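The values are calculated or read from the model by the stated rules, or taken from the named source; none is laboratory data. Values in this document were obtained by computation on a predicted structure and should not be read as measured data. All Cβ positions, glycine included, derive from the backbone under ideal geometry; neighbour counts span all protein chains shown. Ligands, DNA and RNA are stripped out before the accessible areas are found, and what is left, the full protein with its side chains, is counted by its heavy atoms. Shrake-Rupley method; radii C 1.70, N 1.55, O 1.52, S 1.80 Å.
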Amino acid sequence: MTTKEAAEKWGISERRINVLCAQKRIEGSIKADGRWSIPDSAHKPEDRRIKTRQEEIVFPETGKKPLPIGISDYRKVSVGYYYVDKTLLIKDILDERPQVSLYTRPRRFGKSLNMDMLRVFFEKTDEDTSRFFRDKKIWSCGRSYQEHQGKYPVIAISFKDVRCETWELAYDLIYRIISDEFARHLELAVSGKISEYDRKYYQRILDGNASENEVGLSFLKLSRLLHIHYGIAPIIIIDEYDTPIQQSCAADYYDRMISFMRLLFSGGLKDNPHLSFGFLTGILRVAKESIFSGLNNLKVNSLLEDRYSQYFGFTPQEVMEMAAYYGRNDKYQEIMDWYDGYRFGNSEIFNPWSVSCYFSEGCIARPFWVSTSSNEILKDILPDAPPEIFDSLCQLMQGRSVETSIDTGVVYPVLHDEPSCIFSFLLMTGYLKTVRTTVAPDGGYICEVEIPNREISFVYSREIIARNYRTRSARDLQDALFLLRREDLQKKLENFLLESVGYHDTSSESFYHGLMLGLCAIANGRYHVSSERELGKGRYDIMLVPMERSLPGIVIELKTGKNLSESELESLAQEALEQIRDRKYQTELIIRNVEDILLYGVAFSGKDVRVRSRSLSCSGI
C-alpha cells in the first residue's frame, strides 16, 4: 500500500501514516525515493497518545464494577470501573475561561485522574474519543461544550516520580519526561509547517543534546510548534508540579530546582500567545519564590476556595450513591467517622482514596490514606516544633480546635524558621480541616482548625505524637499499661519524662493528656482509642476498646497539680481512679461484654508521676 491507501483504509491522515512509518511502528514498511511502502497485511498501530479502549470489567461474583484504586487513566476508569462523575469540572472551566489554573489539594484526592480527564476531553487525536463522555454529565450540557471535545493539541506532563536525591538525577529525569512528551508529538518531525531551525531544536530535545536553558524553554517552544502545526493554541497540563520542589527541599538542592522551574513555567504559562488553557496541580502553592512571577492570568484554587471545591474528593451524595451501589448503606456512618470531615470551600468532602479502599477491602475500616506515604516532611519538621506548637497538637489530639493564621502560599524552607507555618502546611496537606474561616485585613486567612476524622487521628498518634517519643520507651510503657504493671508504668513514665521532654513542656494539662493519648493511640489496629467523650455521669479522659476478645479494655483518668508532695500526688492518683468507678466510665466496656477491664488513675506534677490501678471483670462488677 501507499501511505495514501493506508490512510484511507485506517481512517487516519496520510501525514500521520508517514510519522508512524518514521517511528518504525508499521511492521514491514519500507522507504524508497522518499516514499513509504506498506505491506497489505499490516495492521493499524495503536494510538499511543491515548490508550486503546478497555473492555468493561465486572466483579465475577457480584456483577459490580471494581473501584479504580491507584488508577489515573480516565479512559480505563470511565469504562471498566466505578467512576464518580467529575466531568462538570469541564463545564465550569469553559464557563469561566481561566487561562491558567492551579488546583492545590492533598495527595490522592483525584487530581491526576481529573487532569487525565481534561486531557482526554480536549486532546485532538485520530480517534473519536467523544464516546468516553457521551454517557457523562458534561455531554448533557449541550453542543456549545461538546464542540470543545477533541479540538486542541495537548502537552501533558506529570512530575509525580521526580523524587531524586541530587539535582543532577532530578534534572536528568525531568529532561527525559519532557523528551518523552516531545516524542508523543512526532507529527512535528515531518510537519511541512515547521522551519528547519525549529526542527533541529526539536531533534536536539529528542536526542538528549539540548542545553539546560533549551530544556527550560521547552514548554514555550513545544506550544509554539504545536500552534503552528495545528493552527490552534494547545493546552498545557502539569500534574504534581511541586513534587520535585518538595524533594529538592528535603535533599538540599532547592535553589537549583526553583531557578529551573521558574524558567520552565514562566516560559510556558506567562504571556504565552501559544496557549489556550493551562492546568497545574500540586499540594502547595509555591508562591514566594516567584515561580509564577508576573503570571497575572493565574487562578489559584486552594482548598479554602469555593470554586471547583466539589470536584476533588467525594461529596456526601456521591458516597451515599456508592454505598447503595455496593449494597452497604449500613456502613455510611462508619465511613463518615473514618474518612469524612474535610471542607474544601463550602463543600463537605470525603477522602476518595480511603473510601474506595474501604469498599474494595470488604468494608473494614483502616487508615488507608495515611499508609500510602512516608510523610517525610512531617517527620522532618515536627520533632523541632516549639512547646507551644506541641501543646496545640496535643489539644488537637483531644478533639479540640485551634485558631491559627493560614498562609496558602506556605513554602517548604520556611517551615523550619517559622513554626506557625506548620499549621498551614498540615491544612494544605490534608492533616487538618477548617471549622471556620475568616479573611484577615491583609488578605490572609484566620482559620479554626481541627483533626478531620479517625483516620487522621491515627496518623497524629503514629507519625507525629509518637515521633516525639523514643520508640523503645513507648513500647515499654505500653507493655506496662496493658499488663497492669503499675509500679513499672510509674517508673517508666517518670524516666521517660526526665529523658524526653523539657520542664516547660510539662506546664499544661493538655501536654500530659496528649502524651498519654499518643502512647495509647500507637495501639490503633488492636484498639479503638477515644478521648474526652461523655459517658456514664461524666466525661472520661482516655478509653481503649479492644478489637480482639483476648485483650483487656482500658480506662485512664488523668489529673495534674503543681509542686505536689509525694503523698499529695498519691492521693490525686487515687482520686482519679475513684472517679472512674464513681462516674461509671467503664459502662461502655461492660455493654460491649469486654471480659477484663483495667482502670488507671494517673497523677502528674512536673516530672513526677503516680499511678493507681485496678483490674475488673464483667462477672465481678
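Miscellaneous remarks
- Residue count for region 200-216 satisfying the condition of being touching a residue at least 40 places away in the same chain (Cβ under 8 Å) and either crowded, with 19+ Cβ neighbours inside 10 Å or touching a Lys or Arg at 6+ places or on another chain (Cβ under 8 Å) (or both): 2.
- Residues of region 561-585 that turn out to be of a type outside the set (D, E, K, R), under 15 Å from residue 614 (Cα atoms) and touching a residue at least 40 places away in the same chain (Cβ under 8 Å), as a count: 3
- Residues (farther than 19 Å from residue 268 by Cα and part of a helix (DSSP H, G or I)) located in region 174-198: 186, 187, 189, 190, 196, 197
- You will find that of 545, 555, the residue that is in contact with a Leu (Cβ under 7 Å, 6 or more places away or on another chain) and modelled with pLDDT under 90 is 545 and no other.
- Selection count, region 448-494, where residues are under 30 Å from residue 424 (Cβ atoms), open to solvent by 30 Å² or more (accessible area, probe 1.4 Å), modelled with pLDDT under 75 and of a type outside the set (Ser, Thr, Tyr): 4
- Residue within region 208-224 that is within 27 Å of residue 407 (Cα to Cα), of a type in the set (Asp, Glu) and at pLDDT 95 or above present: no
- Scanning region 240-273 for residues that are within 19 Å of the chain's Cα centre (by Cα) and part of a loop (DSSP other than H, G, I, E, B) gives 240, 241, 242.
- For the condition touching a Gly at 6+ places or on another chain (Cβ under 6 Å) and among the aromatic types (Phe, Trp, Tyr), residue 312 qualifies.
- Residue 240 meets the stated requirement of being open to solvent by 10 Å² or more (accessible area, probe 1.4 Å), among the acidic types (Asp, Glu) and touching a strand residue (DSSP E or B) at 6+ places or on another chain (Cβ under 7 Å).
- Here residue 191 does not qualify as modelled with pLDDT under 95 and within 33 Å of the chain's Cα centre (by Cα).
- Scanning region 167-189 turns up no residue that is β-branched (Val, Ile, Thr), surrounded by fewer than 18 Cβ atoms within 10 Å (Cβ to Cβ) and farther than 26 Å from residue 77 by Cβ.
- Restricting 307, 262 to residues that are farther than 21 Å from residue 118 by Cβ, open to solvent by 50 Å² or more (accessible area, probe 1.4 Å), at pLDDT below 95 and among the basic types (Lys, Arg) narrows the list to 262.
- The selection criterion, being modelled with pLDDT under 90, more than 19 Å from residue 186 (Cα to Cα) and open to solvent by 90 Å² or more (accessible area, probe 1.4 Å), holds for residue 61.
- Flag if residue 334 is in a helix (DSSP H, G or I), open to solvent by 50 Å² or more (accessible area, probe 1.4 Å), touching a residue at least 12 places away in the same chain (Cβ under 8 Å) and not polar (S, T, N, Q): yes
- Subset of region 495-508 [at pLDDT 70 or above and either open to solvent by less than 40 Å² (accessible area, probe 1.4 Å) or touching a Pro at 6+ places or on another chain (Cβ under 7 Å) (or both)]: 497
- Test: residue in region 299-313 that is within 25 Å of residue 407 (Cα to Cα), out of contact with any Phe, Trp or Tyr (no Cβ under 9 Å at 6 or more places or on another chain) and not basic (Lys, Arg): no
- Whichever residue in region 32-58 is open to solvent by less than 70 Å² (accessible area, probe 1.4 Å) and among the charged types (D, E, K, R) and, among such residues, is modelled with the lowest pLDDT: 49
- Some residue of region 145-157 being free of Cβ contacts under 8 Å to residues at least 12 places away in the same chain and on the phi < 0 side of the Ramachandran plot: yes
- Flag if residue 163 is assigned to a loop (DSSP other than H, G, I, E, B), open to solvent by 20 Å² or more (accessible area, probe 1.4 Å) and either farther than 20 Å from residue 275 by Cα or touching a Leu at 6+ places or on another chain (Cβ under 6 Å) (or both): yes
- Among (1) without any contact (Cβ under 8 Å) to a residue 60 or more places away in the chain; (2) at positive phi - the single one residue 110 does not satisfy: (1)
- A single member of 101, 29 is at pLDDT 85 or above and within 21 Å of the chain's Cα centre (by Cα), and it is 101.
- Any hit, region 145-160, residues being of a type outside the set (A, V, I, L, M), modelled with pLDDT of 95 or more, within 23 Å of residue 94 (Cβ to Cβ) and in a helix (DSSP H, G or I): yes
- A Cβ distance below 9 Å, combined with a sequence gap of six or more or placement on separate chains, defines the contacts here; from region 30-44, residues that are under 13 Å from residue 20 (Cα atoms) and of a type in the set (Gly, Ala, Ser) reach residues that are open to solvent by 100 Å² or more (accessible area, probe 1.4 Å) and assigned to a strand (DSSP E or B) in the pairs 37/30; 37/31.
- Some residue of region 340-363 being open to solvent by 10 Å² or more (accessible area, probe 1.4 Å), part of a loop (DSSP other than H, G, I, E, B) and of a type in the set (Phe, Trp, Tyr): no
- Checked against the criteria, residue 319 counts as open to solvent by less than 50 Å² (accessible area, probe 1.4 Å), assigned to a helix (DSSP H, G or I) and among the aliphatic types (A, V, I, L, M).
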